[in-house]
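Working notes for the structure below.
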Amino acid sequence: MRFSPYGPWPSSYRRWGAEDRKMIATDYRILGTIFLVVAFCLVSVPAQAKYGGGTGEPNEPYLIYTAEQMNEIGLHEEDWQKHFKLMSDIDLSSYTGTSFNLIGTSHNLFWGVFDGNDHTILNFTYKYRADRDATALFSHVGSWGLIKDLGLIGPNLDAGAGENVGALVGDNMGTITGCYAHGGSVSGRNYVGGLVGFSAGTIINCYSTGTVSGNKAAPFASYYVGGLVGFSGRTITNCYATGIVTGDEFVGGLVGNAHTITESYASGSVSGSEYVGGLAGYSGATITNCYSLASVSGYKWVGGLVGLNGSTSASTITNCYATGNVTGTTDVGGLVGLNRNGSVDNSFWDTQNSGQSTSDGGTGITTAEMWMKSTFTDASWDFVGESVNGTEDIWCICEGADYPKLTWQFVIGDFDGDDETDFVDFSILAAHWLQTNSSFWCGSGGIDLTDDGKVDFDDLKEFAENWLAEDIWRLTEADYVIVDDFESYGDANNLGPPPPPGSRIWYTWRDGLGWTKPYKQPGNGTGSMVDLELTQVHGGAQALNYQYNNSGPPYYSLADAKVSELRSGIGGDWTKEGIAVLSLWFRGDASNATAPMSVVLNGSSAVYHDNPNAVRINTWTEWTIDLQAFTGVDLANVNSIAICFGDKNNRQPGGSGMVIFDDIRLYAGEESEHLHSFYEHKTSF
Ligand SMILES: [Ca+2]
Ligand SMILES: [Ca+2]
Ligand SMILES: [Ca+2]
Ligand SMILES: [Ca+2]
């Protein structure tokens, strides 16, 4: 028997830790142009070429021109770590039912790069197939994976009672940027989103406008349903969703279960039973500079922005507002239904439109007050036209006529409405020089960008900074890849190899105890016992709870995982792209009986923590190890990783306690500070 104090999974009581994402964002305007020019030089198609040409290498991606070539990718698992580039808009309407070959499986994730090249895929359709654990164009994307600049028009997915359902990605650990699902519909039971079903990765500059529905499969309810993402364990930035969203629990206009959301919004309508919110059904981390216009209806924990905020103090809602009509029975609020342990700061809801005079956090005001700039600038929101609250100018407003909007929603300086800021717009600016003019942010031919009532040098400066805004790109660099973040484990008795998502953690991280279900498997004979940790986590909702006990032979505790069985899709080549450092986060307990702590690669080479009492550190602490310290290990062929307690070569009786681990990652060295880069539009999609 195993003792698990945490109950079933997926659980209604998932708890969330603090923000843990490190991203470096740099402006890099010229590189974006070079990138496009280089890409255009790759058009010759050799005879016998795979797909529409290319080799799949980063500088010579496989080229996709047709629906047939797109459908070919799913047949070639050997290519799922290669680079692809879409060269034209394609129509998949000839693939119906289950005839399209979805890309990636839980055993072999897609961890290459798919560059949509600003093209679209029309009419992607898929109906449920019983042996699929994820339904999406890309079913599973690993932590190296990158999908960018791809639009899906009119996707139609019906996954029945299936899980991990999204038009673009079902189960994401990688990066998705500049992608959208326009129109169409997506349905499934759990982890269902208009664009992405489940995400433990990064989503930037994406949107969805289709209908999203969670299908009940009686007696089971539908969990984690969101307009953009069903369940997010990491970051969502500059995104929106506008569709109709329905489900049972954890239902949100943007995301069902949220971690970190920044500068994003939702409209449309949301309905569910418990944990229902205009933006997010449940939030476990930080929501900053976001809003919801969505109407919301539910039974319990129902909020205009968030249904239930946080089980820990790390859950914060800052500079947000909600306006939609809210109806429900228990713990219902104009902004937040129930704020359990988190905080709500500088945030507002519209008492008139919402029909709610109360909220568990935030300030209720009239529609007229919601349309006043001073309401928000007085609460330190960073607006266009003021610099006291900051110069990022995140927010803008058409005062007296509308609620605040995010400035990224506008192409700044595009006065004639063709989505480009160019010479035509410059001539319009010149024609209004030194005149009084209406606010640009009212979207009706206004030229006054700085919102001060006149057109002058300040506006010209603002205009110049956004000149040719379409060609302004931002280079975003991810500086690590995930080895294991422990987000994919659950309580199902699904053995591998590699164990599929939702499996018990000890099938992957094998300990001294072994298991009894679905058959008896003795442990490794050491004093280790691992379990899922849901309370003390560093990132996402889950961590590794590791109990060590060296009081009896062999006076040593070891838990190890085969690298090929880690769901991150990291693979065994730890020499790629300048990888140099292994990082893991741990927290021990002051009452632990001390034992040396080590990481072992390939079963032989150990690196010990240099603090012999590390197990007594009771705050989250990062442990970084230069990979070169693993002497004798072929870093191009890393096949196992172990965490151990005790000195293997000098075993001593004693030493027991519990240490929690999370966010095991690989970072680049100082010479190459990022692991992969991607470009995104700075000012528009
Ligand atoms: Ca400002
Ligand atoms: Ca224009
Ligand atoms: Ca002005
Ligand atoms: Ca985690």
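The values are calculated or read from the model by the stated rules, or taken from the named source; none is laboratory data. Note that this is a predicted model, so its numbers are computed, not measured. Here the Cβ is made from the backbone with ideal geometry for all residues, glycine too, and neighbour counts use every protein chain on show.
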| task | Return the pairs, sorted by first residue and then second, in which the second residue is surrounded by 18 or more Cβ atoms within 10 Å (Cβ to Cβ) and modelled with pLDDT under 95, the first residue lies in the range 575-597 and is at positive phi, the beta carbons are less than 6 Å apart, and the residues are 6+ apart or on different chains. | result | Glu577/Leu675; Gly578/Ala668
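Among the candidates Thr436, Thr421, single out the residue that is β-branched (Val, Ile, Thr), over 23 Å from Tyr291 (Cβ atoms) and more than 14 Å from ligand 3 (Cβ to nearest atom). So that I can check it myself, show each step before the final result.
Details: Thr436 fails: more than 14 Å from ligand 3 (Cβ to nearest atom).
The match here is Thr421.
Of everything in the range 624-654, what is at positive phi and either buried (at least 23 other Cβ atoms within 10 Å of the Cβ) or within 16 Å of ligand 4 (Cβ to nearest atom) (or both)? Give them in sequence order.
First, the residues of the range 624-654 that are at positive phi: 632, 646, 654.
Once the filter is applied, which keeps residues that are at positive phi and either buried (at least 23 other Cβ atoms within 10 Å of the Cβ) or within 16 Å of ligand 4 (Cβ to nearest atom) (or both), the range 624-654 yields only Gly646.
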| Qualifying residues in the range 202-244 (those that are within 19 Å of Asp149 (Cα to Cα) and hydroxyl-bearing (Ser, Thr, Tyr)) - the one surrounded by the most Cβ atoms within 10 Å (Cβ to Cβ) | Ser208
| request: Within the range 386-402, track down each residue that is assigned to a loop (DSSP other than H, G, I, E, B), buried (at least 16 other Cβ atoms within 10 Å of the Cβ) and away from ligand 3 (no atom under 16 Å from the Cβ). | output: Asn389, Ile394
| note | Here the qualifying pairs (Cβ atoms under 9 Å; residues six or more apart or on different chains; first in the range 427-441 and in the same structural domain as Gly413 (by TED's automatic domain parsing); second among the basic types (Lys, Arg) and part of a strand (DSSP E or B)) come out as Leu434/Lys454; Gln435/Lys454; Thr436/Lys454; Asn437/Lys454; Trp441/Lys405
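What number of residues within the range 215-249 satisfy the criterion of being within 16 Å of ligand 4 (Cβ to nearest atom), part of a loop (DSSP other than H, G, I, E, B) and in contact with a Lys or Arg (Cβ under 7 Å, 6 or more places away or on another chain)?
From the range 215-249, those within 16 Å of ligand 4 (Cβ to nearest atom) are 231-235; that's our starting set.
Remaining after also requiring part of a loop (DSSP other than H, G, I, E, B): 233-234.
After this cut, where a residue has to be in contact with a Lys or Arg (Cβ under 7 Å, 6 or more places away or on another chain) as well, the list is 234.
Qualifying residue count, the range 215-249: 1.
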| note | Subset of the range 366-417, residues of a type in the set (A, V, I, L, M, F, W, C), within 16 Å of ligand 2 (Cβ to nearest atom) and within 28 Å of the chain's Cα centre (by Cα), comes to Phe410, Val411, Ile412
| request: Return the only residue of Tyr548, Tyr489 being within 16 Å of ligand 4 (Cβ to nearest atom), crowded, with 22+ Cβ neighbours inside 10 Å and of a type in the set (Ser, Thr, Tyr). | output: Tyr489
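Does Leu534 fit the bill of being within 16 Å of ligand 4 (Cβ to nearest atom) and either touching a Ser or Thr at 6+ places or on another chain (Cβ under 9 Å) or within 25 Å of Pro498 (Cα to Cα) (or both)? Talk me through it step by step, then tell me what you get.
Numbers: within 16 Å of ligand 4 (Cβ to nearest atom): yes; either touching a Ser or Thr at 6+ places or on another chain (Cβ under 9 Å) or within 25 Å of Pro498 (Cα to Cα) (or both): yes.
Yes: the conditions hold for Leu534.
Go over the candidates Ala541, Ala559 one by one and state the one that is part of a strand (DSSP E or B) and either assigned by TED's automatic domain parsing to the domain that holds Arg132 or more than 16 Å from ligand 2 (Cβ to nearest atom) (or both).
Numbers: Ala541 fails: part of a strand (DSSP E or B).
Just a single option satisfies the conditions, and that option is Ala559.
Where residues in the range 289-312 are of a type in the set (A, V, I, L, M, F, W, C) and closer than 19 Å to Thr242 by Cβ, which of them is surrounded by the most Cβ atoms within 10 Å (Cβ to Cβ)? It would help to see each step written out before you state the result.
We begin by selecting, within the range 289-312, every residue of a type in the set (A, V, I, L, M, F, W, C); these are 290, 293-294, 296, 301-302, 305-306, 308.
Within this subset, residues satisfying the condition of being closer than 19 Å to Thr242 by Cβ are 290, 293-294, 296, 305-306.
Details: Cys290: 30, Leu293: 21, Ala294: 31, Val296: 35, Leu305: 39, Val306: 41.
The qualifying residue surrounded by the most Cβ atoms within 10 Å (Cβ to Cβ) is Val306.
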| query | Can you find even one residue in the range 403-411 that is farther than 22 Å from Ala368 by Cβ and either assigned to a loop (DSSP other than H, G, I, E, B) or in contact with a Ser or Thr (Cβ under 6 Å, 6 or more places away or on another chain) (or both)? | reply | yes
| field | Failed condition for Trp144, given (1) surrounded by fewer than 18 Cβ atoms within 10 Å (Cβ to Cβ); (2) in contact (Cβ under 8 Å) with a residue 60 or more places away in the chain | value | (1)
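If you take just the strands (runs of 3 or more DSSP E) that sit entirely in the range 565-637, which of them hold at least 3 residues that are among the hydroxyl-bearing types (Ser, Thr, Tyr) and under 20 Å from Asp663 (Cα atoms)? Outline the logic, then answer.
Values: elements: 579-587, 597-601, 605-608, 621-626.
No strands (runs of 3 or more DSSP E) qualify here.
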